[in-house]
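Peer 1: This structure is in structure tokens; I'll ask about it shortly.
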Amino acid sequence: MINRRVVIHRLRLIAQLRKQNPVVLTVANMVTPADVANGLNVLGASPIMSKAPEEAEDMVKIAQAVTINLGTIEAEQRKEMAAAMDAAQFLEVPAVFDPVACAGSSYRTEVADELLSKYQFACIRGNAGEIAALAGINWQSHGIDAGSGDGDLTKIAQKCAQKYHTVVAMTGVVDIITDGQKVIKVPFGSPLFAVHVGTGDMLSSIIAAFIGLGGDVLEATSQACLVFALAGQAAAETAKTPSRWYNQFLDNLYQADDQLIESWQKELQKED
Amino acid sequence: MINRRVVIHRLRLIAQLRKQNPVVLTVANMVTPADVANGLNVLGASPIMSKAPEEAEDMVKIAQAVTINLGTIEAEQRKEMAAAMDAAQFLEVPAVFDPVACAGSSYRTEVADELLSKYQFACIRGNAGEIAALAGINWQSHGIDAGSGDGDLTKIAQKCAQKYHTVVAMTGVVDIITDGQKVIKVPFGSPLFAVHVGTGDMLSSIIAAFIGLGGDVLEATSQACLVFALAGQAAAETAKTPSRWYNQFLDNLYQADDQLIESWQKELQKED
Amino acid sequence: MINRRVVIHRLRLIAQLRKQNPVVLTVANMVTPADVANGLNVLGASPIMSKAPEEAEDMVKIAQAVTINLGTIEAEQRKEMAAAMDAAQFLEVPAVFDPVACAGSSYRTEVADELLSKYQFACIRGNAGEIAALAGINWQSHGIDAGSGDGDLTKIAQKCAQKYHTVVAMTGVVDIITDGQKVIKVPFGSPLFAVHVGTGDMLSSIIAAFIGLGGDVLEATSQACLVFALAGQAAAETAKTPSRWYNQFLDNLYQADDQLIESWQKELQKED
């Protein structure tokens, strides 16, 4: 049983997000850009996407945050990522890295390593396997899965955060957010997140939106994960199949405000 | 309050569209091609999309209209756009231009200028900011927003139409359609259009489908905007959140015929 | 009237699919990759997509099946397809070919011919026009449409299968699956399949998932088509418009097990 009795004190960022409408530039994969854009949109952020290195700097100039998604990386997009990160670094625009399937091919591993060695990311968001691979830990051979071995997962997330001097959000049954020292856990969610392709991509860009507000990165990342997980778990209370759930989840994000988030949290904590 | 008591006399094109099934080639952005394709499909048009300059001419040969969407332009797609427009010009297939975020980067501005100087478009569809940028008007510094300054917006749309000898559809709270002289306003819609990414892209290709029927371009563009706006506003009567609304909107487009469109128009005019 | 009294004896693959979770690599078109990925996901398969020839071999190594989709083919993707098929051939990973609009341009015809002459596919899935074009039959000039001329369609499918020594799934009002000799017909479905763009692409990758289980290819292809068609027809019993239908269709696929599939089959056969 998951201990849901975790309190996150301040739920003020969602109101700020809807007021500030941060622009998030996502260098996106080809599979789920519409999900990412709509996820940002329903929360009040403004999505932009771009494929041309020629306009990377101009795009970063109008953005409050950047997300680099490794999902369908290829040579041209690698140039676009470099151009966007060069500009983000120079203009001090915070960036989130989503290392999709980074251990799935030596090409992805190479691109991920290059990006992480050249650029400073404010946050890395991935699942346990991806974060372990970046941390240099042979996670699968340890037989840890996301449903157990909680302590080990926390250590892996911390090691990854320390290695890259960044905040890590390792998302799964329980999201583990850490700056390498402090650890915040978000014990909400639904198995239906894994059934709809693109929810991870969406969360990475939503984290970027929260970070783009300009406050503490650990707090911003945690609140993004909390709103996301609560909206999804609340949706699963009534919608038990993937399409119905995804529609309700997006509509929950659209309606999310401090009051609704608090009521979800209270309601869902009761269940344990 | 918006004056909705605008009468558009002839609502006959929707029946013609469902009968003629025009093929629309969209050189699409990477974010919303599925929305564009499904929007065309539910209205009875046939969407085709292509990325290879090598097949641009063959694709244009089987199309009744072409849409060029600037959304995620890059070097290879620029070649595809040129190849498609060369063929469209030669074969006299009408084309619609959607100048997505054309003022967002100097690269986009350059590509937009090149396309507009080399090719004659039947219609340009964009929001107020995009149309103003093409018209050469510093719209934002004038503080005009889509909710007011109606007269100014009309002048901007007319100036853009005159500059490029084309029909302009400036879409927003009230859509303004003009050939530079005559002006038709479509005072329907819903704020939820802006929440779902890709509705603008979809409308541009739907306008192309209506123009592809072969009649008057100003009339065709106006009817496309009218059907689109009414279907969306009617959906918003019952569906108040983005996912529910978008599903209902697409289903409304699927069911739209002269009778239903007229009943929506009567019903929605009553509300003022 | 369609004779729906066709019995497919063994409905055991769906349970095996949910247990084995085969990984399917799709070299996808740009329009419907999210539909393909979600269709695989709700059935318990694992979708991966990739654009870089550099990682094609690594991706094929973790896949149980590959799908090559011609939908928005261009020069770079042609290289990716070749690299993926080289690896699939070498590693003996079965592949499905979806010849989207292969007769629509001489470029597509050329790419399709090249792929089919260089590589052995386990299955080709297409509509009647596509399969006829591959078989070298001028189908349209014979005036056959998918609603009639059943006998002719079967011969076309058989000829295509014989020519390429493969299983062919010609999908339409009645799906015709053949290895060139044996013929299995799946007489279920709904006109709404044609209204939602991407259902064909989705089916091709779902067929790959079933084939990836390792059994008889003709049987696997037939069962994939059966589950797909039944889930869609059952959805159309209650959901009459495209969005509602598509949501229900995906949710039906998610819930499909042997028992539900049998009950759909019994229910839908009664209707004739």
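Peer 1: Please order B:Val23, C:Val27 by the number of other Cβ within 10 Å, starting at the fewest.
Peer 2: Final ranking by Cβ density, sparse to dense: B:Val23, C:Val27.
Peer 1: While we're looking at this one, here's another question. Distance in nm between label sites at A:Asp258 and B:Asn138, each 7 Å beyond Cα in the beta-carbon direction?
Peer 2: Result for the modelled spin labels: 3.9 nm.
Peer 1: If you don't mind, there's one more thing I want to ask. Please return the longest stretch of chain A lacking exposed loop sites, where GluC sites (Glu not before Pro) count only if DSSP places them in a loop and at most 10 other Cβ atoms lie within 10 Å.
Peer 2: By the stated rule (loop sites, at most 10 other Cβ atoms within 10 Å), A:93-270.
Peer 1: Scan region B:176-272 for trypsin sites (Lys or Arg not before Pro) in coil per DSSP, keeping those whose Cβ has at most 15 other Cβ atoms within 10 Å, and list them by number.
Peer 2: Loop-located and lightly packed - B:Lys182, B:Lys240.
Peer 1: Any idea what the relative contact order of chain A is, in percent, if you count C-alpha pairs under 8 Å spaced at least 6 apart?
Peer 2: Taking the mean separation of contacting Cα pairs over the length of chain A, I get 21 percent.
Peer 1: Quick check on the exposure proxy: order B:Ser46, B:Ser106, C:Ser105, C:Ser204 from fewest to most C-beta atoms within 10 angstrom.
Peer 2: Lowest to highest Cβ neighbour count: B:Ser106, B:Ser46, C:Ser105, C:Ser204.
Peer 1: Counting only Cα, what are the radius of gyration and maximum Cα-Cα distance Dmax of region B:149-192, in Å?
Peer 2: In order Rg, Dmax, the Cα atoms of region B:149-192 give 10.2, 32 Å.
Peer 1: GNM on chain C, C-alpha springs below 10 Å: top fluctuator among C:Ile14, C:Ile62, C:Ile207?
Peer 2: Ranking C:Ile14, C:Ile62, C:Ile207 by mean-square fluctuation puts C:Ile62 first.
Peer 1: While we're here: Per DSSP H run of at least 4 residues, take -39500 (n - 2.57); add these up for chain A, divide by its residues and hand me the 222 nm value, nearest 500 deg cm²/dmol.
Peer 2: Rounded to the nearest 500, the figure is -16500 deg cm²/dmol.
Peer 1: Considering every Cα-Cα pair within region B:32-80, what fraction, in whole percent, is farther apart than 16 Å?
Peer 2: Roughly 45 percent, rounded to a whole number.
Peer 1: Related question: Would you please report the Å³ per residue occupied by the convex hull of the alpha carbon atoms in region C:188-237?
Peer 2: Convex hull of Cα atoms, per residue: 62 Å³.
Peer 1: Just to confirm the numbers: C:Asp257, label point 7 angstrom along the Cα-Cβ line, distances to the other copies in nm, shortest first?
Peer 2: 4.3, 4.3
Peer 1: Could I ask something else about it? How big is the charge dipole of the protein assembly as shown about its Cα centre, in debye rounded to the nearest 20, if each Lys and Arg gets +1 on its Cβ and each Asp and Glu gets -1 on its Cβ?
Peer 2: 1360
Peer 1: Given the pairs A:Lys118/A:Lys185; B:Lys51/C:Lys79; B:Lys19/C:Lys163; B:Lys51/C:Lys118; C:Lys240/C:Lys266; B:Lys182/B:Lys266, which span a C-alpha to C-alpha distance of over 26 angstrom in this model?
Peer 2: Checking Cα-Cα distances, A:Lys118/A:Lys185; B:Lys19/C:Lys163 exceed 26 Å.
Peer 1: Now a separate question. Can you list the distances in nanometres, one decimal and ascending, from the A:Asp113 label point to the identical position in each other copy, with the point 7 Å along Cα to Cβ?
Peer 2: Sorted ascending, the copy-to-copy spacings read 4.4, 4.4 nm.
Peer 1: Could I ask something else about it? Can you tell me the convex hull volume per residue for region A:1-118, based on C-alpha atoms, in Å³ to the nearest whole number?
Peer 2: Per residue, the Cα convex hull of region A:1-118 comes to 148 Å³.
Peer 1: When all C-alpha to C-alpha distances in region C:115-272 are sorted into bins of 10 Å, what percent of pairs does each bin hold, rounded to whole numbers?
Peer 2: 11, 40, 35, 13, 1
Peer 1: Please give, to one decimal in nm, the separation of the simple spin-label points placed at B:Glu267 and A:Ala194, each 7 Å out from Cα toward the Cβ.
Peer 2: Those two pseudo-labels are separated by 4.3 nm.
Peer 1: When chain C is treated as a GNM, springs tying every alpha-carbon pair under 10 Å, which of C:Gln259, C:Gln77, C:Gln64 comes out with the largest mean-square fluctuation?
Peer 2: It is C:Gln259.
Peer 1: Partner chain Cβ atoms within 10 Å, averaged over the residues of A:108-121 - can you pull that number for me?
Peer 2: 1
Peer 1: Please enumerate, by chain and number, the aspartates and glutamates with C-alpha under 16 Å from the C-alpha of B:Lys61, excluding those fewer than 8 residues away in the same chain.
Peer 2: Answer for B:Lys61, where 16 Å is the Cα cut-off: B:Glu80, B:Asp86, B:Glu92, listed by chain and number.
Peer 1: Could you pull the copy-to-copy label distances for C:Gln89, with points set 7 Å along Cα to Cβ, in nm to one decimal and sorted shortest first?
Peer 2: Here the equivalent label points are 4.2, 4.2 nm apart from this one.
Peer 1: I need the P(r) histogram for region C:62-127: all alpha carbon pairs, bin width 10 Å from 0 out to the longest distance, whole percents.
Peer 2: Answer for region C:62-127: a P(r) of 21, 59, 18, 1 percent.
Peer 1: Now a separate question. Need one value for A:31-44: mean number of C-beta atoms belonging to other chains within 10 Å of its residues' C-beta atoms.
Peer 2: If you average over the peptide's residues, the count of other-chain Cβ atoms is 5.
Peer 1: Pull up all non-local amide H partners of B:Cys123: gap of 5 or more, or a different chain, and H-to-H distance under 5 Å with H placed in the peptide plane.
Peer 2: Distant-sequence amide H within range of B:Cys123: B:Ala95, B:Phe97, B:Val167.
Peer 1: To continue, here is another question. Could you work out, residue by residue across B:250-256, how many beta carbons of other chains sit within 10 Å of that residue's beta carbon, and then give the average as an integer?
Peer 2: 4
Peer 1: What number in nm² do you get for region B:49-181 if you take the convex hull of its Cα atoms and divide its surface by four?
Peer 2: With every direction weighted equally, the projected area is 7.8 nm².
Peer 1: Per the Debye formula with a single identical scatterer at each Cα and no solvent contribution, what log10 I(q)/I(0) holds for chain A at q = 0.10 Å⁻¹?
Peer 2: -0.45
Peer 1: Using a Förster distance of 45 Å, how high is the FRET efficiency between C:His165 and A:Lys155, based on the Cβ-Cβ distance and rounded to 0.05?
Peer 2: 0.25
Peer 1: When only Cα pairs under 8 Å and 6 or more residues apart are kept, what is the percent relative contact order across region A:81-238?
Peer 2: Over region A:81-238, the number comes to 19 percent.
Peer 1: Right, another one. Relative to the compact globular guide of 2.2 N^0.38 Å, what is the alpha carbon radius of gyration of the protein assembly as shown, as a ratio?
Peer 2: Scaled against compact globular proteins, the figure is 0.92.
Peer 1: Hey, with R₀ at 25 Å, roughly what FRET efficiency would C:Glu110 and B:Lys79 work out to, going by the Cβ-Cβ distance, to 0.05?
Peer 2: Efficiency, rounded to the nearest 0.05: 0.85.
Read-outs: derived from the displayed coordinates by stated rules, not from any lab. Being a predicted model, the structure only gives us computed values, none of them experimental. When we count neighbours, we look across all protein chains shown, and the Cβ atoms used for this are built from the backbone with ideal geometry, even at glycine.
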